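First the structure, in the form of structure tokens, and then the observations on it.
The values are calculated or read from the model by the stated rules, or taken from the named source; none is laboratory data. Here the structure is a predicted model, which is why all the values come from computation and not from measurement. Here the Cβ is made from the backbone with ideal geometry for all residues, glycine too, and neighbour counts use every protein chain on show.
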Amino acid sequence: MLDSQDPNSSVASTEADITDTIAAAAQPDQWASQKKFEREKHINYFKRSLQMLPGVYTSMDTHRMTLGMFALGGLELLGVLEETVSEANRQAWIEWIYSQQRIPDPLVGEDELSDKNAGLYGFGGPFSGLPFQDQSVAEGYQGCECGARSTVYDTAHITMTYTALLMLVLLGDDLSRVAKEPILRSLRKLQQPNGCFVPCITDPESDMRFLYCAAAISHILNDWSGFNRQTALQFIRGSQTYEHGISQSMYQEAHGGPTYCAVATLGLLGGEALGDQKTMIRNEGEAEDAFEERKSQAGFVDKEGTRRWCLLRQLTGFQGRTNKVVDTCYSFWVGGTLATLGSMDLVNYECNRSFLMDTQHESFGGFGKWIDAYPDVLHSYMGIAGLSLMGEPGIRPMDPLLNISKRMQERLYTQSVFWRSS
Amino acid sequence: MEYEEETVPFYEKPEWSDVVPIPQDDGPNPLVPIAYTKEYSTTMDYFRAITRAQEQSERALELTEIVIGLSPSHYTVWHYRQNLLKALNKDLNKELEWVRNMIEEHPKSYQIWHHRQVVVEHNSIQLLPHPSDNSASLTGISTSDATTTLTIPYQVLDENQKQTVRDTVRLELEVIAETLLEDSKNHHAWSYRQWVLSHFGPGPWWEEELEYIDDLLTVDVRNNSAWNQRFFVISQGPSVLSEDIVDREVAYAKKKIERTPSNESPWTYLAGVLNKAKRPLPEIKEFCEDLLALPRANFSPHLHSTLLDIYEQEAKEQKRAESLERAKEEAIMLAEKVDTIRSKYWNWRKSQLKSIILEA
């Protein structure tokens, strides 16, 4: 909707433009912003968003779960989640989230579960038309049953499953009603032969976003049996471009969003996944195939190159691609990648912070994509998350891998049924 | 769009009177409700009723068009539309015309571009003979992997078939070029363009693609999407990456660098091509050192960072003190003069140089 204002054209330069603009070497004192962090306004912005989003969000109706995560996650990073969400709302919203869970119809046989309907399960958009809550099973209600009563047009979506799980953690639920086995079965169905994932059985678009969601879901459920690690690693390596950034899918242009998705996935995979093939050396006495096997566990083709690509994206804030304009959300996408690589200390904090201060909306609160752009919940969340990665006072520190506060990460590990006993 | 020209909403027309709309049951206290317009919420009530009944009809097809107009990223409506196109045996060329208009209105919708791909893939199978049964169905899941190709290679088709393929490819590249004319970095358009080039296999469109890219780079030499496409063509196209092609591409990038030395795109392209061809980066040392003489180039962070890489590599491989010293100078130049925003990074790179052990 902001396309007409896209200032990308301003970075275009013709070949005849041989005078070339030389980036002025700004002095440090010019970087410090005169603007202050509008904390109270941002809190009010997220509060309003939780109550009612304006009609302009209609085109994102099927992604409401994600919009909710940005609002709740934003309040959590601002340190006011519990005091903002009343106990009545907390309980009601947990029920609302579970009401969007697609679970197997108990009347459907195991054979059918394992194939035809696999891929349906998880959380979805609120458009199924199924009743909000079936009164007969109100006790311990898990969600709407897939099978005879639903269609493939009511299916779950991998991004909604990921953000629904994060929201349940944010709201203090122990995840005991999450249909883990059906979700894992769905993940198996959604992973493609090339290692990437499609978001749901009816949408054949596969890219790095959905690979990350699958990894985050597997981590939250503390079970990787729905995720083929080897093919996923191959896909991630194959998507590292000649620029050493990472693209949505093989051969496409390196981009901040998929770079985060890929690198955070490597972090969640753990083990040797954050390893670097370029600097790996064959050990003395190591057989060729053993060395190849070891290399196949590393997720990076050239880790140093990826780190540098990320750092080069900083102009003031961060751009998402080479020669594009800076945008609030890349302070998180690129920042989160650098945090995963342990290199946040190489970012120019003053510049990045100053840019973010300028994309705050002074009267509404929230953050826009660019300076003078209207705020939206995604950029508002990402702006605050970007500041959190730099240790901004008054913002809770976050875990870059799961995209949630460290406090909530701890809650997942200590209070959820999938982690607390392990 | 058609429905906007009509004054009476579809749901008030008699042909819809038999449908019982299913309202959205969001419960007593929903999270992030959206202030829907009446048009949207009523349309979706009918959409729920029609999909629940899995109705296959002309009116269902029209309804998908309305829903897509209101919510193009709706993730199941496209699948429903594809099923309907197949069930109603619709003319897919008409569908492609419609998609072309939709792309104009929503050029950044993932789903629209993918829908076009699904229809074109299906159409190409209909138009051409295929030996095996593993043809993609209109509703089948396929990866968006650019490596999917036609089952019969272009070269072995007869003249008429070749013409059909060329016309199909030309139309698709034309539709994409329309979008790129508005936004030359539209990610979806480029992604689909790679699919089109690859799907139809080796053919004359690959050579033409290099000319198209050259035109785009003449208009905007900083168009990194075009540079990426150039790399795609030389590395994934039908021609082997021969020494001649590598030489040609190295010369191409150098020429662009000489004119706009602070442009990152040709620098990464140049290093990328050399790396792909397994040729050493120090091959361009002289070129870089000569550039230092140009005042405007002397301020290019990309020139200095390339020199840092070259000297660092030389110091490591040849264990030369002079190279190490030069590498240090470049790191200092970057940190203190030409790329001060990243001074922490360049100072860190300088500190890394200490680990290089020279000959005693």
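Return yes when B:Glu104 is surrounded by fewer than 17 Cβ atoms within 10 Å (Cβ to Cβ), more than 9 Å from every other protein chain (Cβ to nearest Cβ), more than 14 Å from B:Thr51 (Cα to Cα) and touching a residue at least 40 places away in the same chain (Cβ under 8 Å) and no when it is not. Let's see the steps before the verdict.
Values: surrounded by fewer than 17 Cβ atoms within 10 Å (Cβ to Cβ): yes; more than 9 Å from every other protein chain (Cβ to nearest Cβ): yes; more than 14 Å from B:Thr51 (Cα to Cα): yes; touching a residue at least 40 places away in the same chain (Cβ under 8 Å): yes.
Yes.
Among the residues of region A:244-293, which ones are of a type in the set (Asp, Glu) and either in a helix (DSSP H, G or I) or touching a strand residue (DSSP E or B) at 6+ places or on another chain (Cβ under 7 Å) (or both)?
Applying the first criterion (of a type in the set (Asp, Glu)) to region A:244-293 yields A:253, A:272, A:276, A:284, A:286, A:288-289, A:292-293.
Listed by number, the residues that qualify are A:Asp276, A:Glu288, A:Asp289, A:Glu292, A:Glu293.
Being part of a helix (DSSP H, G or I) and basic (Lys, Arg) is the filter here, so list the residues in region A:162-216 that pass it. Walk me through how you get there before you give the answer.
At the first step, the residues of region A:162-216 found to be part of a helix (DSSP H, G or I) are A:162-170, A:180-190, A:208-216.
Passing the criteria: A:Lys180, A:Arg185, A:Arg188, A:Lys189, A:Arg209.
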Please go through region A:334-366 and give me each residue that is among the polar types (S, T, N, Q), within 14 Å of another protein chain (Cβ to nearest Cβ) and outside any helix (DSSP H, G or I), ordered by number. A:Ser343, A:Asn348
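Return the only residue of B:Ile310, B:Ile245, B:Ile257 being away from chain A (no Cβ under 13 Å), surrounded by 21 or more Cβ atoms within 10 Å (Cβ to Cβ) and closer than 24 Å to A:Thr241 by Cβ. Even if it seems obvious, please write down each step before you answer.
On the way: B:Ile245 fails: surrounded by 21 or more Cβ atoms within 10 Å (Cβ to Cβ); B:Ile257 fails: away from chain A (no Cβ under 13 Å).
Being away from chain A (no Cβ under 13 Å), surrounded by 21 or more Cβ atoms within 10 Å (Cβ to Cβ) and closer than 24 Å to A:Thr241 by Cβ holds for just one of B:Ile310, B:Ile245, B:Ile257, which is B:Ile310.
Any residue that is surrounded by 22 or more Cβ atoms within 10 Å (Cβ to Cβ) and more than 30 Å from A:Glu181 (Cβ to Cβ) - is there at least one of those in region A:287-301?
Taking region A:287-301 first, the residues surrounded by 22 or more Cβ atoms within 10 Å (Cβ to Cβ) are A:299-300.
After this cut, where a residue has to be more than 30 Å from A:Glu181 (Cβ to Cβ) as well, the list is A:300.
Within region A:287-301, one or more residues are surrounded by 22 or more Cβ atoms within 10 Å (Cβ to Cβ) and more than 30 Å from A:Glu181 (Cβ to Cβ).
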Quick check on my filter: what residues within region A:370-397 are in a loop (DSSP other than H, G, I, E, B) and of a type in the set (Val, Ile, Thr)? A:Ile371, A:Ile395
Among the residues of region B:313-328, how many are loosely packed, with under 15 Cβ neighbours inside 10 Å and over 13 Å from B:Leu281 (Cβ atoms)? 5
Give the residues of region A:183-196 that are surrounded by fewer than 24 Cβ atoms within 10 Å (Cβ to Cβ) and within 14 Å of A:Thr265 (Cα to Cα), sorted by residue number. A:Gly195
Of the conditions (1) within 14 Å of chain B (Cβ to nearest Cβ); (2) buried (at least 16 other Cβ atoms within 10 Å of the Cβ), the single one that A:Val263 does not satisfy is (1)
Subset of region B:107-130 (residues that are part of a helix (DSSP H, G or I), out of contact with any Ser or Thr (no Cβ under 8 Å at 6 or more places or on another chain) and modelled with pLDDT under 90): B:Gln126
From the list B:Asn223, B:Asn228, pick out the single residue that is within 12 Å of chain A (Cβ to nearest Cβ), touching a Lys or Arg at 6+ places or on another chain (Cβ under 7 Å), under 23 Å from A:Arg308 (Cβ atoms) and in contact (Cβ under 8 Å) with a residue 24 or more places away in the chain. B:Asn223
Here's a check for you: in region B:74-96, which residue that is surrounded by fewer than 19 Cβ atoms within 10 Å (Cβ to Cβ) and over 13 Å from B:Val118 (Cα atoms) is nearest to the other protein chains (Cβ to nearest Cβ)? B:Ala87
Find all pairs meeting these conditions: Cβ atoms under 6 angstrom apart; at least six residues apart or on different chains; first residue within region B:188-210 and within 10 Å of B:Gly237 (Cβ to Cβ); second residue among the hydrophobic types (A, V, I, L, M, F, W, C) and at pLDDT below 95. B:Ser198/B:Ala146
Of those in region A:312-331 that are in contact with a Leu (Cβ under 8 Å, 6 or more places away or on another chain) and over 19 Å from B:Ser225 (Cα atoms), the residue surrounded by the most Cβ atoms within 10 Å (Cβ to Cβ) is A:Ser331
Kindly provide the set of residues from region A:67-88 that are free of Cβ contacts under 8 Å to residues at least 12 places away in the same chain and either more than 9 Å from chain B (Cβ to nearest Cβ) or closer than 24 Å to A:Gly122 by Cβ (or both), ordered by number. A:Glu82, A:Glu83, A:Ser86, A:Glu87
Single unsatisfied condition, B:Arg52 versus (1) more than 7 Å from every other protein chain (Cβ to nearest Cβ); (2) in contact (Cβ under 8 Å) with a residue 24 or more places away in the chain; (3) more than 23 Å from B:Trp113 (Cβ to Cβ): (1)
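Answer with yes or no whether B:Ala251 is at the interface with another protein chain (Cβ under 9 Å from one of its Cβ atoms) and surrounded by fewer than 23 Cβ atoms within 10 Å (Cβ to Cβ).
Answer is no for this residue.
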Which fully enclosed helices (runs of 4 or more DSSP H) of region A:27-138 have 2 or more residues being modelled with pLDDT of 90 or more? A:39-51, A:64-77, A:81-84, A:87-99
Of the residues in region B:199-241, how many are aliphatic (A, V, I, L, M) and within 21 Å of B:Val165 (Cα to Cα)? 2
Just checking, does region B:280-303 include any residue being hydrophobic (A, V, I, L, M, F, W, C), surrounded by fewer than 22 Cβ atoms within 10 Å (Cβ to Cβ) and within 23 Å of A:Glu253 (Cβ to Cβ)? yes
